[in-house]
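To keep things clear, I will list the structure first and then write my remarks on it.
The values are calculated or read from the model by the stated rules, or taken from the named source; none is laboratory data. Everything numeric in this text was worked out from a predicted model, so none of it was measured. Cβ sites come from the backbone with ideal geometry, for glycine too, and all protein chains shown count toward neighbours.
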Amino acid sequence: MNSIIQKAPGHFHGGIHPPEFKSLSNQKSIERIPLPEFLLLPLKQHIGSVDEAVVSVGDKICKGQLVAIPTQFGAAIHSPADATVVAIEPSLVGHPSGKPVMALKLQVSKRNSSESFEELKSTENSEWKTLPLEQLINKVQEAGIVGLGGATFPTATKLRTQPVDTLIINAMECEPYITCDDRLLQEKADEVLQGALIASHLLNAKQIIFATEDNKPEAIESLKKAILDSQAKNVKIVVAPTKYPSGGEKQTIELVTGKQVPHGQLPASLGIAVQNVATVKAIRDAILFNQPLTERVVTLTGDLVKTAGNYVIPFGTPVSHLIELLKIDKSQLEAVIFGGPMMGQSIRDFGAPVTKSTNCIIFNKKKSNQHDWVIEAKQHKSCIRCSECQQACPVDLLPQQLLWFSQSEQWEPLEEHGLLDCIECGACAYVCPSEIPLVHYFRYGKSEIADLKANKKKSEKAKERYDFREMRLERAKAERAAKHKKAAEARKKAAQDANKDPDGKQAAINAALERVKQKKNKQTSDNKSSEGEN
Amino acid sequence: MRLSSPFFHHALSTDKVMLLVIGALIPGAAIQCFYFGYGVLINLVLCALVANLSELLFLKFRGRALDALKDNSATLTGILLGLAIPPTLPFWMSIVGVSFAIIFAKQLYGGLGFNPFNPAMVGYVLLLISFPVEMTAWLPSTEIASHFPNFTESLQLIFLSETSRGLTVADFRTVADGFTMATPLDHVKTAHTMGKISSEIVTDPMYNTNLIGWNWVNYGFLFGGLLLLATKTIRWQIPFAVLASIIVTSALLNWFDAERFSTPVFHLTTGATMLGAFFIATDPVSASTTPKGRLIYGVLIGFFVVTIRTFGGYPEAMGFAVLLLNLAAPTIDHYTRPVIYGHRQGNTNV
């Protein structure tokens, strides 16, 4: 039954082959870590706005309890453990901005020792297929599920974007070091498949494609077995050659279908939805076991970790707890990388917690020869326009030109050259012989363009208001003018009438006569009425 | 640890790229030395020194970090110019050419990465139009020369313009039967101007022997160029397009009138063809940077090389062709931008 496994029909431009370092962590089974004493649970672990806490300081909460709800766009957050809320305050949680984010500090009350990563014990909800789709999608929403590939886009919203013909399960995991999806597939392929089938049901999709790279043969084998065992139809595995960044959503789609998502549109415009391996597993747990998302599999790896592998880690677990658990030599550690080395984020504050977006934490020895990567004209060598970046760019941009425009702050040509299509994968900076922090420049350019647009919008609005005011004043003026004209005409008419009787004598006589007449009338009527009264 | 992603970096550094290019020049340069004497070597050393000195001076004037010297780009410019000039060029001319290349064509524009023109070729063309006689006074290859300068004589020719025995460059250019030998390109051009036809020219044994030296120099640079391709130091588009275009243009002319126009093989293996195609036209800073643009850029260089060699006033044209196309590179880049992901009309298969 090799027809289940197919070679990727498409390919994408550029890409790179960085050293993988995956064997550090993909040989060991997933383990659960013991809970820390305190959890720091940020109220923003998703794309969207900061959630609002629905518990207060001092509250005793239990595992899985809803602790925060989205105010606008976002995802719910649940407690990963039985705990007491000790504080709700802005805390440093390793947000890319470096700014504090509102977070719950929880004191864990029952620090049960490590249990294995095993089946959920509650009973399976076998009725789910009979429930209406919207109700099921709401359940996914209530479970606080977001895209666990790293983008953390609320999954329910994605599930509502229909119609969809093909559900692609993204198991590329193309970044070096990261193996959490690989391990999850090796150990729990059946559950992932179950999740994929549920997601496909929710999307009314006709087929499911697992997209992966050829560097994960065990995962592919285990997935194949699961598919055969389940006798699920219209499920296949598409294997692409290992190349970074094949796991980028757009690149995955191009690999699997040979098509590109049109600029400014969603994958749904091609009838495609893409979900990550861990995400569909979370969907399964939510639908079948009413399990909210409170923990995830995280790869803990790097040359300082002796027991590198994948661990189930509750959200809110601070890095310092992991450093202790893994017995990492802190003196060798300058910073950790959250995520992969290509698109991750360096974190120097070890109080920062694992969140829904954390798929990997890399603990590497600090290197003395690597200077800090900052934008300063004299800090890096000049661009020699070798175009290696262009060769590496998966979206076919010209990074060398973008750099030129970024450095000279020419925002309009920068945008016109497609800066906003940049996915910040870092392939360009990886191959740059002058070690120019290209992605850094591009992020800067993007934020400047966003600013410029916001300002433009603002000034357009102001102009609109100004124009309206001008119009209103003009109208009032015109109205006044019309009124004056009318009045003037009336006066003119009156004057003309007067002209017919130059001295106004006749008019005066007429008026006097009229007055007399009225007086008379009044007198008679008054007499009549007084007579009546008497 | 870097502040922002990516945290991985893997590439040849710019310094090493330049070193690799210099290294790949060695086979060709060695052959050139073999056929045309120590003057080649002396020029290379002189030009590299002057290039670095000029760079150092102007980095200082501009208040820039002297670290930039370590990128080896000045050395490369010096070496490329050193290979392009005759082996007996008076030293002060070399100094004028190299310092002009570095100071005016590179540093005044902002240094490495900001020069619109290939600095070595700017220096070369400056010398060529200022000192046309000296710049075309190539020695005959060692096999036909009646006197061939040894190391001391080469030094004396370059720095004192005559040897201790009173011989000048003109004497060294005379071959056995009293003729003055020019480069094959020059020879053919003059012969054609004098009304000779190709079949007459190729019967001259002196010319043929001289040609062999030039052929070997070109093979040397071709070999070095292939090394650059193999190490992915340069991409294939520009050299391929230059050579293909030279072949097509010269083949068309040759097919039109074989007696008046030289063969593709002649164009490929004489003059600065291989040096130009692999080492000069590929200077990334001043060349086109898009894949399609590089093809157009190369094709036009090849076209101009053959047409200027054939119809122009100068026997060699690589310098002119490259500078002309340097001028056009920004426009070429503008019109050959690749289609960005998702912007393709019709959104069909890739």
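Observations on the structure shown:
- Residue satisfying condition, being of a type in the set (V, I, T), in contact with a helix residue (DSSP H, G or I) (Cβ under 6 Å, 6 or more places away or on another chain) and either farther than 21 Å from A:G351 by Cβ or without any contact (Cβ under 8 Å) to a residue 40 or more places away in the chain (or both), within set A:I69, A:I30: A:I30
- Count of residues meeting criterion [under 26 Å from A:E191 (Cβ atoms) and in contact with a Ser or Thr (Cβ under 7 Å, 6 or more places away or on another chain)] in the range A:230-267: 6
- Identity of the residue in the range B:148-166, part of a loop (DSSP other than H, G, I, E, B) and crowded, with 16+ Cβ neighbours inside 10 Å, that ends up farthest from the chain's Cα centre (by Cα): B:T163
- Matching residues, the range A:268-280, being of a type in the set (S, T, Y) and more than 10 Å from chain B (Cβ to nearest Cβ): A:T279
- Filter result for the condition that a residue is among the small types (G, A, S), out of contact with any His (no Cβ under 7 Å at 6 or more places or on another chain) and under 23 Å from A:S357 (Cβ atoms), over A:G248, A:G271, A:G258, A:G264: A:G248
- Filtering the range B:299-330 to residues that are in contact with a helix residue (DSSP H, G or I) (Cβ under 7 Å, 6 or more places away or on another chain) and within 14 Å of chain A (Cβ to nearest Cβ) leaves only B:A329.
- Count - residues of the range A:20-49 that are within 23 Å of the chain's Cα centre (by Cα), surrounded by 19 or more Cβ atoms within 10 Å (Cβ to Cβ) and among the hydrophobic types (A, V, I, L, M, F, W, C): 3
Every residue, every condition in (1) modelled with pLDDT of 75 or more; (2) within 30 Å of A:E412 (Cα to Cα), yes or no:
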site: A:K463; (1), (2): yes, yes
site: A:K485; (1), (2): yes, no
site: A:A490; (1), (2): yes, no
site: A:Q496; (1), (2): yes, no
site: A:D501; (1), (2): no, no
site: A:A511; (1), (2): yes, no
site: A:E514; (1), (2): yes, no
site: A:N521; (1), (2): yes, no
site: A:S525; (1), (2): no, no
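- The number of residues in the range B:43-67 that are surrounded by fewer than 21 Cβ atoms within 10 Å (Cβ to Cβ) and within 14 Å of chain A (Cβ to nearest Cβ) comes to 7.
- The set of residues from the range B:106-124 being surrounded by 24 or more Cβ atoms within 10 Å (Cβ to Cβ) and more than 14 Å from chain A (Cβ to nearest Cβ) comprises B:A120, B:M121, B:V122, B:G123, B:Y124.
- The C-beta contact set for the range A:329-349 (first residue closer than 14 Å to B:S5 by Cβ and within 7 Å of chain B (Cβ to nearest Cβ), second residue surrounded by 20 or more Cβ atoms within 10 Å (Cβ to Cβ) and of a type in the set (S, T, N, Q), distance under 6 angstrom, 6+ apart or interchain) comprises A:A335/A:S346; A:I337/A:S346; A:M343/B:S5; A:G344/B:S5.
- Subset of the range B:297-328 (residues that are small (G, A, S), closer than 16 Å to B:I238 by Cα and crowded, with 23+ Cβ neighbours inside 10 Å): B:G298, B:G302, B:G319, B:A321
- Residues located in the range A:311-331, provided they are touching a Phe, Trp or Tyr at 6+ places or on another chain (Cβ under 9 Å) and either closer than 24 Å to A:G147 by Cα or among the polar types (S, T, N, Q) (or both): A:Y311, A:V312, A:G316, A:P318, A:V319, A:S320, A:L322
- For the criterion of being farther than 18 Å from B:A241 by Cα, at pLDDT below 95, assigned to a helix (DSSP H, G or I) and within 13 Å of another protein chain (Cβ to nearest Cβ), B:H334 passes.
- Close pairs (8 angstrom Cβ cut-off, 6 or more residues apart or separate chains): within 7 Å of chain B (Cβ to nearest Cβ) and without any contact (Cβ under 8 Å) to a residue 60 or more places away in the chain in the range A:387-400, of a type in the set (K, R) and in a loop (DSSP other than H, G, I, E, B) anywhere: A:S387/B:R235; A:L398/B:R337; A:Q400/A:R385
- Test: residue in the range B:69-80 that is crowded, with 19+ Cβ neighbours inside 10 Å and over 17 Å from the mean Cα position of the chain (by Cα): yes
- Single residue of B:T136, B:T174 found to be under 26 Å from B:N208 (Cα atoms), under 17 Å from the mean Cα position of the chain (by Cα) and surrounded by fewer than 18 Cβ atoms within 10 Å (Cβ to Cβ): B:T136
- Condition met for A:E448 (more than 8 Å from every other protein chain (Cβ to nearest Cβ) and either modelled with pLDDT of 90 or more or in contact with a Pro (Cβ under 9 Å, 6 or more places away or on another chain) (or both)): yes
- The residue of the range A:401-444 that is surrounded by the most Cβ atoms within 10 Å (Cβ to Cβ), among those that are under 14 Å from A:G14 (Cβ atoms), within 7 Å of another protein chain (Cβ to nearest Cβ) and out of contact with any Asp or Glu (no Cβ under 9 Å at 6 or more places or on another chain), is A:G426.
- The residues of the range B:132-147 that are without any contact (Cβ under 8 Å) to a residue 40 or more places away in the chain and part of a loop (DSSP other than H, G, I, E, B), listed by number, are B:S146, B:H147.
- Test for B:A145: is it within 13 Å of chain A (Cβ to nearest Cβ), modelled with pLDDT under 90 and over 18 Å from the mean Cα position of the chain (by Cα): no
- Number of residues in the range B:261-297 that are within 14 Å of chain A (Cβ to nearest Cβ), part of a helix (DSSP H, G or I) and either more than 20 Å from A:Q400 (Cα to Cα) or under 12 Å from the mean Cα position of the chain (by Cα) (or both) equals 0.
- Some residue of the range B:81-91 being assigned to a helix (DSSP H, G or I), crowded, with 18+ Cβ neighbours inside 10 Å and among the β-branched types (V, I, T): no
- Criterion applied to B:V40, B:V21, B:V17 was being away from chain A (no Cβ under 14 Å) and either out of contact with any helix residue (DSSP H, G or I) (no Cβ under 6 Å at 6 or more places or on another chain) or part of a helix (DSSP H, G or I) (or both), and the one residue passing it is B:V40.
- Scanning the range A:224-267 for residues that are away from chain B (no Cβ under 13 Å) and free of Cβ contacts under 8 Å to residues at least 40 places away in the same chain gives A:K225, A:A226, A:D229, A:Q231, A:A232, A:K233, A:N234.
- Among the residues of the range B:92-129, those identified as over 18 Å from the mean Cα position of the chain (by Cα) and assigned to a helix (DSSP H, G or I) are B:W92, B:I103, B:Q107, B:L108, B:Y109.
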